[in-house]
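Colleague: The structure that follows is given in the form of structure tokens.
The values are calculated or read from the model by the stated rules, or taken from the named source; none is laboratory data. Everything numeric here is computed off the predicted structure, so don't read it as measured data. We place every Cβ from the backbone using ideal geometry, glycine too, and count neighbours over all the protein chains shown. Side chains included, ligands, DNA and RNA excluded: accessible areas come from the protein's heavy atoms. Shrake-Rupley method; radii C 1.70, N 1.55, O 1.52, S 1.80 Å.
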Amino acid sequence: MRPYLLAENNWKNLKNSKIELAILPWGATEAHNFHLPYSTDNIEADFMAAESAKIAWNKGAKVIVLPTIPFGVNTGQSDIYLDINMSPSTQFAVLKDIIEVLNRQEIYKLLLFNSHGGNEFKSMIRELGLIYPKMFISVTSWFKTLDRNKYFDDPGDHADEMETSLLLYLKPELVLSKEKWGEGKEKKNKIQGYSEGWVWSERKWSQISEDTGVGNPALATKEKGKRYFKDVTKKMAGLFCDICDADIDNLYE
Ligand SMILES: [Zn+2]
């Protein structure tokens, strides 16, 4: 039993314990090129959060990882078979219910551990922060913690070399053999501003990619996945410890 995972812990252990920080991993259920499982983001969230929490726990941090929420915002993939969308307003309701429990039980620190690019929590956190002023709610996306170019030769955006490397390391039995991998070629918007990133509209996924991937996975290896995983979780563990130690009424110098 890993005591830092709520799903594995028990009432006997937990009823008298004092948790400092709750961590809520949030994934998605969606196609990842031809070759990766629909639960790719959830697998990444589960493994990343558990390993980071393990390192932090062993340094004395009282953290608890809540079960991963398996559905994310997939509004741009409505025509991709069995991509499951959870709308932002539903996410808000789920998040509010969880925060209501934490707040009532005086666990005032919550970290959203995001694993899917379509999930955006900042505006929800602003709104919920006003409703629950004692709560200190943060969000991090593990895939933004490190410079991917230092770990991968051709990093992309979705089901790319990075995600394929991670899955080859974490769940190789769920990755199709290499000759079945798509190239993850992305069609760019004809209007320049969109490619430059200073104007945004939702991408119609089935129109920008033939295989649902964005980024070529061809150079993925298990070793690259392992190296990246180790460094991300080490950095995340440091964050967990820092938030645990922080006095939330005295954060700024
Ligand atoms: Zn993904």
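Colleague: Which of the residues belonging to the range 20-34 are away from the ligand (no atom under 14 Å from the Cβ) and open to solvent by less than 20 Å² (accessible area, probe 1.4 Å)?
Modeller: Matches in the range 20-34: Leu21, Ala22, Ile23, Leu24.
Colleague: Let me ask another. Which ones in the range 170-192 are more than 21 Å from Glu44 (Cα to Cα) and either of a type outside the set (A, V, I, L, M) or under 23 Å from the mean Cα position of the chain (by Cα) (or both)?
Modeller: Glu179, Lys180, Glu183, Lys185, Glu186, Lys187, Lys188, Asn189, Lys190, Gln192
Colleague: Take the residues in the range 45-86 that are without any contact (Cβ under 8 Å) to a residue 60 or more places away in the chain and among the hydrophobic types (A, V, I, L, M, F, W, C), then tell me which one is most open to solvent (accessible area, probe 1.4 Å).
Modeller: Applying the filter and picking the extreme gives Leu82.
Colleague: While we're here: Consider Pro37 carefully, then state whether it is within 14 Å of the ligand (Cβ to nearest atom), surrounded by fewer than 20 Cβ atoms within 10 Å (Cβ to Cβ), of a type outside the set (Phe, Trp, Tyr) and closer than 26 Å to Lys234 by Cα.
Modeller: Criteria met by Pro37.
Colleague: Among the listed residues Leu110, Leu102, which satisfies the condition of being of a type in the set (A, V, I, L, M, F, W, C), at pLDDT 95 or above and in a helix (DSSP H, G or I)?
Modeller: Exactly one of Leu110, Leu102 is of a type in the set (A, V, I, L, M, F, W, C), at pLDDT 95 or above and in a helix (DSSP H, G or I), namely Leu102.
Colleague: What's the number of the only condition in (1) open to solvent by 30 Å² or more (accessible area, probe 1.4 Å); (2) within 28 Å of Ala49 (Cα to Cα); (3) not in a loop (DSSP other than H, G, I, E, B) that Glu179 fails to meet?
Modeller: So the condition that Glu179 fails would be (2).
Colleague: Answer with yes or no whether Tyr228 is open to solvent by less than 90 Å² (accessible area, probe 1.4 Å), in a helix (DSSP H, G or I) and at pLDDT 95 or above.
Modeller: Yes; evaluated as a whole, the condition is true for this residue.
Colleague: Further question on the same structure: What is the one condition in (1) within 16 Å of the ligand (Cβ to nearest atom); (2) part of a loop (DSSP other than H, G, I, E, B) that Ala45 does not satisfy?
Modeller: (2)
Colleague: Right, something else. Can you find even one residue in the range 158-167 that is at pLDDT 95 or above, touching an Asp or Glu at 6+ places or on another chain (Cβ under 9 Å), within 29 Å of Ile23 (Cα to Cα) and assigned to a loop (DSSP other than H, G, I, E, B)?
Modeller: yes
Colleague: Counting only residues that are more than 13 Å from the ligand (Cβ to nearest atom) and aliphatic (A, V, I, L, M), which one in the range 130-167 is surrounded by the fewest Cβ atoms within 10 Å (Cβ to Cβ)?
Modeller: Among them, the one singled out is Leu130.
Colleague: List pairs: first residue in the range 115-129 and open to solvent by less than 10 Å² (accessible area, probe 1.4 Å), second residue part of a helix (DSSP H, G or I) anywhere in the structure, Cβ distance under 6 angstrom, at least six positions apart or on different chains.
Modeller: Ser115/Asp41; Ser115/Glu44; Ser115/Ala45; Leu128/Ile99
Colleague: Same structure, new question: Would you call Thr68 closer than 20 Å to Ala237 by Cβ and within 16 Å of the ligand (Cβ to nearest atom)?
Modeller: So Thr68 passes the test.
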